[in-house]
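Since every read-out is calculated from the coordinates, none of them should be taken as a lab result. Computed from a prediction, not measured in an experiment: that's the story for all the values here. As a convention, Cβ positions derive from the backbone with ideal geometry for all residues, glycine included, and neighbour counts pool all protein chains shown.
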Amino acid sequence: MSSPRLFPIALLSLFHCLISAMAGNFYQDIDILFGDWRSQILQGGELVTLSLDKASGSGFRSKNEYLFGRFDMRMKLIPGDSAGTVTTFYLSSQGPTHDEIDFEFLGNSSGDPFIVHTNIILQGKGGKEQEFFLWFDPTKDFHLYSIVWNPKNIIILVDEVPIRVYNNWGIKGVRYPTDQPMRMYSTIWSAEDWATQGGRVKTDWSKAPFTASYMGYNANACVWPSSSSHCPSNSTSPTPGTAWQNQKLGVKGRNMLRWAQKKYMVYNYCTDFRRYPRGVPRECRKSRFM
Ligand SMILES: *[C@@H]1O[C@H](CO)[C@@H](O)[C@H](O)[C@H]1NC(C)=O
């Protein structure tokens, strides 16, 4: 008789394969946007590399549009000298009054830390920047960067640590993105006039091409347009009933957010009193950590 234990183990590893296969195949999930050969889908669709040289950056975007979801990407940033470069992973709708939720990684000279620049752009208006250092070297390994976007709040996470939350407070005059479907975008481009140490450190083009790697894209999200009871009317979730739809920060999440913001935040529009001499934006008055 065969061992009764073998079967479940075999089954488990089969499930494991199915799940990791589902966790994104770039051939199925994305379109290359620009950059020709500088964007490459490799390893049977598991890896994308984006490169930047003096002539061009590169980028890709999701085939699908989504209205709410959790978006995960594993990224390994440009090693060595990355001054003047910006590597991104973001959500955006289209047009002049678009909404956008940004992760931008500002490069630096060799050995100096990247800055994670986050922004939320609503109806074409930005100005809600928060910036962070990371608590690890993002060029050594792949790390998980996530955006949770549901009707109640936006949560931006690094390796499951929430670094930023933007709430749908319902304050008069404070917007929240609820009605424009977004695509996921990932790009690499040059911003040597401002990205590194305020623009003082320029790109060393002799080190080009600069290359970042992307893996494990997973959109657990409501695809637009379609219909399902788990998603807003006119969109559908491939994985019904998942946690992101009601996700907000609990006690543990708030503690982690406080930790990240106390130790690693380098800029917060909410405390930029020079920029807002007549008072910071209204949503900033709600909570110290957000
Ligand atoms: C680059 O390194 C310098 C020096 O450590 C630091 O002040 C700066 O914030 C870092 N990041 C960027 C993007 O300039």
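Worth pointing out:
- Matching residues, the range 203-217, being polar (S, T, N, Q) and part of a loop (DSSP other than H, G, I, E, B): 203
- Residue satisfying all of: in the range 116-130; more than 14 Å from residue 276 (Cβ to Cβ) and within 16 Å of the ligand (Cβ to nearest atom); surrounded by the most Cβ atoms within 10 Å (Cβ to Cβ) among these: 116
- Residues that are more than 14 Å from the ligand (Cβ to nearest atom), among the charged types (D, E, K, R) and assigned to a strand (DSSP E or B), drawn from the range 72-115: 72, 74, 76, 100, 102
- Any hit, the range 57-67, residues being within 16 Å of the ligand (Cβ to nearest atom) and either in a loop (DSSP other than H, G, I, E, B) or of a type in the set (Ser, Thr, Tyr) (or both): no
- Matching entry among 141, 137 (being more than 15 Å from the chain's Cα centre (by Cα), within 16 Å of the ligand (Cβ to nearest atom) and in a loop (DSSP other than H, G, I, E, B)): 137
- Within the range 158-217, restricting attention to residues that are among the acidic types (Asp, Glu) and within 16 Å of the ligand (Cβ to nearest atom), the residue that is farthest from residue 288 (Cα to Cα) is 204.
- Pick from the range 274-290, criterion among the hydrophobic types (A, V, I, L, M, F, W, C) and assigned to a loop (DSSP other than H, G, I, E, B), ranking: surrounded by the fewest Cβ atoms within 10 Å (Cβ to Cβ): 280
- Restricting attention to the range 253-273, the residues that are in contact with an Asp or Glu (Cβ under 9 Å, 6 or more places away or on another chain) and not in a helix (DSSP H, G or I) total 5.
- Selection of the range 94-114 for residues being surrounded by 19 or more Cβ atoms within 10 Å (Cβ to Cβ), in contact (Cβ under 8 Å) with a residue 40 or more places away in the chain and over 14 Å from residue 156 (Cβ atoms) yields 99, 106, 107, 108.
- For the range 159-187, a tally of residues being under 18 Å from residue 146 (Cα atoms) and either touching a helix residue (DSSP H, G or I) at 6+ places or on another chain (Cβ under 8 Å) or among the aliphatic types (A, V, I, L, M) (or both) returns 9.
- Residue count for the range 25-45 satisfying the condition of being among the acidic types (Asp, Glu) and touching a Phe, Trp or Tyr at 6+ places or on another chain (Cβ under 7 Å): 2.
- Candidates 28, 43 - the one that is closer than 26 Å to residue 160 by Cβ and free of Cβ contacts under 8 Å to residues at least 12 places away in the same chain: 43
- For the range 198-220, the set of residues classified as under 22 Å from the mean Cα position of the chain (by Cα) and within 18 Å of residue 87 (Cα to Cα) consists of 210, 211, 212, 213, 214, 215, 216, 217, listed by residue number.
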